[in-house]
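Working notes, structure below.
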Amino acid sequence: MKIIILGAGQVGATLAENLVGEENDITVVDINAEKLRALQDKLDLQVVHGHSAHPDILKKAGAEDADMIIAVTNSDEVNIVACQVAYSIFNTPTKVARIRTNQYIKYRDQLFNKDDMPVDHFIAPETLVTDYIRRLIDYPGALQVVEFAGGKVSLVAVKAYYGGLLVGHALSTLREHMPHIDARVAAIYRRGHAIKPIGTTIIEADDEVFFVAATKHIRAVMSELQKLENSYRRIMIAGGGNVGFGLAKALEKTHSVKLIERSKERAEFLSSTLENTVVYAGDASDPELLQEENIDQVDVFLAVTNDDEANIMSAMLAKRMGAQKTMVLIKRGAYVDLLQGGEVDIAVSPQQATISALLTHVRRGDIVNVYSLRRGAAEAIEAIAHGDKNTSKVVGQAIGKIKLPPGCTIGAIVRGDEVMIAHDSTVIETDDHVILFLVDKKFITEVERLFQVSAIFI
């Protein structure tokens, strides 16, 4: 696939890194020649120096025969105009844009269509991050929660703790403990390395366990691996930007929410807009303010400002002063690995959330959801099976007989409204939504081929 990426910032560079090894022809465009040089030194791709929305620059990048343009510059307007140019002049089949401004997202149905602004798919990072954090709050104790098939199935990552019912026991005992609930362990990470889960695998304390189950059964399965945490009630948010505002709005009806915003002007706007959130104008790393607002009674402290270092410091302080759990928004990928598991319980990367959404549109075959996991090393995928026994490698086949690439597990199948946890004898039918976990994403092209229909299928 020939893909042009507009913007060589963190998202553009990470996306290029993800796609370059997957039999794609990648060209990156940016006005910053230094960023392009660094990218070219590191990866096997083409670069074009210039303005991302200019027709001649897009022509130089190969827009005339490109399959897809992904516009992820720092400017929403540049991203939108670039998609317009690609459509009007070069007739590019697929155009994806990153849109951050709430005003554009609010009117997306009127704006983003072929007759007005021809953006085929838009990615709103702030909305993605807000939804991601919201899911973590809904499932206390989870490290990651991703949903498939319209929320019917979830993949959850939890850390196994001493005292968990399953710790020290084989995976096969899960069925004995919960005879009426079906779940599948998709992967286990022990001391940073993936272990293929089989019935005899013994769960150890500190294992990171990824399991798939119907969403309604998630909490029951979690209780097998760790002592179930009480639902979060009291939330404190540091930062009143788009993410902080979105979270407060989503949580204020069901939780007790306090929000700290540094800018007095912004704090006044938030206070007048939010209905049940208590807003403070002040510094979230001020110990006196935190103490005054009873930080020791807070269930979750969320640091979501635009400043990584400020987020880290305020979260560490909040934890030291008694906050039960801390979640931090971190833009720098290197920080995520350093922090998670200490005084920062969960580090959330907006880049990874954005990359996941972008990969959904890039994957071949009918792939409707992609989630980048474990800092991009692993992937969870929702693919739709098409064709029949003659034209498809998966339709009409029992899961045990499908030749899956190394480290790939089929976790569940959604057929209409029915959720079926995958077993070797389960037969895949046409239009089934198949949920897969891929430990090593270098095998993604093999997974794509499995779900591509051969040419004789009409």
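The values are calculated or read from the model by the stated rules, or taken from the named source; none is laboratory data. Just so we're clear, the structure is a prediction, and the values are computed from it rather than from any experiment. Backbone-built Cβ (ideal geometry, glycine too); neighbour counts: all protein chains shown.
Table for the structure above
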{"item": "Close pairs (6 angstrom Cβ cut-off, 6 or more residues apart or separate chains): within 23 Å of Pro350 (Cβ to Cβ) in the stretch 48-74, of a type in the set (Gly, Ala, Ser) anywhere", "result": "Ser52/Ala82; Ile69/Ala86; Ala71/Ala82; Ala71/Ala97; Val72/Gly7; Val72/Gly12; Thr73/Gly7; Thr73/Ser52"}
{"item": "Residue, farthest from Gly244 (Cα to Cα), within the stretch 94-118, restricted to residues that are modelled with pLDDT of 90 or more and part of a loop (DSSP other than H, G, I, E, B)", "result": "Pro118"}
{"item": "Unique residue being at positive phi, out of contact with any His (no Cβ under 7 Å at 6 or more places or on another chain) and either assigned to a helix (DSSP H, G or I) or not aliphatic (A, V, I, L, M) (or both) when the list is Asn91, Asn74", "result": "Asn91"}
{"item": "Residue satisfying all of: in the stretch 381-421; of a type in the set (Gly, Ala, Ser) and under 19 Å from Tyr371 (Cα atoms); surrounded by the most Cβ atoms within 10 Å (Cβ to Cβ) among these", "result": "Ala412"}
{"item": "In the stretch 383-402, the residues that are free of Cβ contacts under 8 Å to residues at least 40 places away in the same chain and either in contact with a strand residue (DSSP E or B) (Cβ under 9 Å, 6 or more places away or on another chain) or in a loop (DSSP other than H, G, I, E, B) (or both)", "result": "Lys389, Val395, Gly396, Gln397, Ala398, Ile399"}
{"item": "Residue selected from the stretch 313-331 under the condition over 21 Å from the mean Cα position of the chain (by Cα) and among the hydrophobic types (A, V, I, L, M, F, W, C), by the criterion nearest to Ile235 (Cα to Cα)", "result": "Ala323"}
{"item": "Any hit, the stretch 163-183, residues being surrounded by 22 or more Cβ atoms within 10 Å (Cβ to Cβ), outside the structural domain of Val414 (by TED's automatic domain parsing) and closer than 21 Å to Asp345 by Cα", "result": "yes"}
{"item": "Residue in the stretch 201-213 that is outside any strand (DSSP E or B), touching a residue at least 60 places away in the same chain (Cβ under 8 Å) and hydroxyl-bearing (Ser, Thr, Tyr) present", "result": "no"}
{"item": "Subset of the stretch 38-71 that is small (Gly, Ala, Ser) and part of a helix (DSSP H, G or I) - its residue that is surrounded by the most Cβ atoms within 10 Å (Cβ to Cβ)", "result": "Ala63"}
{"item": "Pick from the stretch 122-171, criterion among the aromatic types (Phe, Trp, Tyr) and in a strand (DSSP E or B), ranking: nearest to His255 (Cα to Cα)", "result": "Phe148"}
{"item": "Odd one out for Gly244, checked against (1) assigned to a strand (DSSP E or B); (2) not assigned by TED's automatic domain parsing to the domain that holds Arg184", "result": "(1)"}
{"item": "Among residues of the stretch 109-162, those that are of a type in the set (Phe, Trp, Tyr), in contact with a Leu (Cβ under 8 Å, 6 or more places away or on another chain) and surrounded by fewer than 19 Cβ atoms within 10 Å (Cβ to Cβ), counted", "result": "1"}
